[in-house]
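Contents: one structure, followed by commentary.
Derivation of every value follows stated rules applied to the coordinates shown; laboratory data play no part. Note that the structure is predicted; figures quoted are calculated from it, not measured. Cβ placement follows ideal geometry from the backbone for every residue including glycine, while neighbour counts extend to all protein chains displayed.
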Amino acid sequence: MEAITPRFSVIKGGEGQEYDVLAYCNGEASKGMMVEVKSSLDLAVIEQMKRKMERRFHRMPEHREKEFQGMVAYVEGSAAARQAVLAHGWHLVQVGEDLFELKTPPGFVPIYRAAARPSSSGNFTVPDPGGK
């Protein structure tokens, strides 16, 4: 990644959004990573992360040609929440004082969210590969 920004905030059209970490690279790779960090992981993070992933091109149209992956980092969390993160195709990382452990199972393939495309109404739509 060329740019890694912790505690990234953006305000667009009077709406604000904070991202725990936003990272991206331009040029040939043209990809990004959105990271949500939680001390206590629960199922509410799924809706929060989905909303951020779906709205990122509305708030940051300069990144609409990038493919983004999601990552959730947590200190502790329920098995149901961990499984839900993986089911959405997001990376899962357990963190602690001296710990950074990738919790994705062998063979895990992250779901790249394809770049947004403008619809006839002028809003951006985000294709959802694999129906997820």
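Summing +1 for each Lys or Arg and -1 for each Asp or Glu, what net charge is found among the other residues whose Cβ lies under 10 Å from the Cβ of SER30? Don't jump to the answer; show the numbers that get you there.
Details: positive: LYS31, LYS66; negative: GLU28, GLU65, GLU67.
Charge balance in the 10 Å sphere: -1.
Which whole-Hz ³J(HN,Hα) couplings does the range 28-40 yield from phi under the Karplus relation 6.51 cos²θ - 1.76 cosθ + 1.60, θ = phi - 60°, glycine and proline marked x?
4, 6, 6, 10, x, 9, 10, 10, 10, 10, 10, 6, 10
So if we plug the beta-carbon distance of SER9 and ALA79 into 1/(1 + (r/R0)^6) with R0 = 22 Å, what FRET efficiency do we get, rounded to 0.05?
The calculated FRET efficiency here is 0.10.
Enumerate the amide H contacts of THR5 below 5 Å, restricted to partners 5 or more residues apart or on another chain; note that Pro and chain-start residues carry no placed amide H.
Those qualifying (amide H under 5 Å, at least 5 residues apart or on another chain) are LEU22, ALA23.
Would you grab the residues whose amide H sits under 5 Å from the one on LYS103? Only those 5+ places off in sequence or on another chain, please, with H modelled 1.01 Å from N.
When sequence neighbours closer than 5 places are left aside, the close amide H contacts are LEU92, VAL93, GLN94.
Taking amide H positions as placed 1.01 Å from N in the peptide plane, with prolines and chain starts having none, which residues 5 or more places from VAL37, or on another chain, fall under 5 Å of its amide H?
So VAL37 has HN proximity to ASP20, ALA73.
Using 0.36 nm times the number of residues separating VAL21 and LEU43, minus their current alpha carbon distance, what extension gain do you get? Could you put the intermediate results ahead of the total?
Details: separation 22, 0.36 × 22 = 7.92 nm, distance 1.98 nm.
Length gained between VAL21 and LEU43: 5.9 nm.
Short version: ³J(HN,Hα) in whole Hz for each residue of the range 74-80, in order, from phi by Karplus 6.51 cos²θ - 1.76 cosθ + 1.60 (θ = phi - 60°), x for Gly and Pro, what are they?
Running phi through 6.51 cos²θ - 1.76 cosθ + 1.60 with θ = phi - 60° gives 9, 8, 9, x, 6, 4, 5 Hz.
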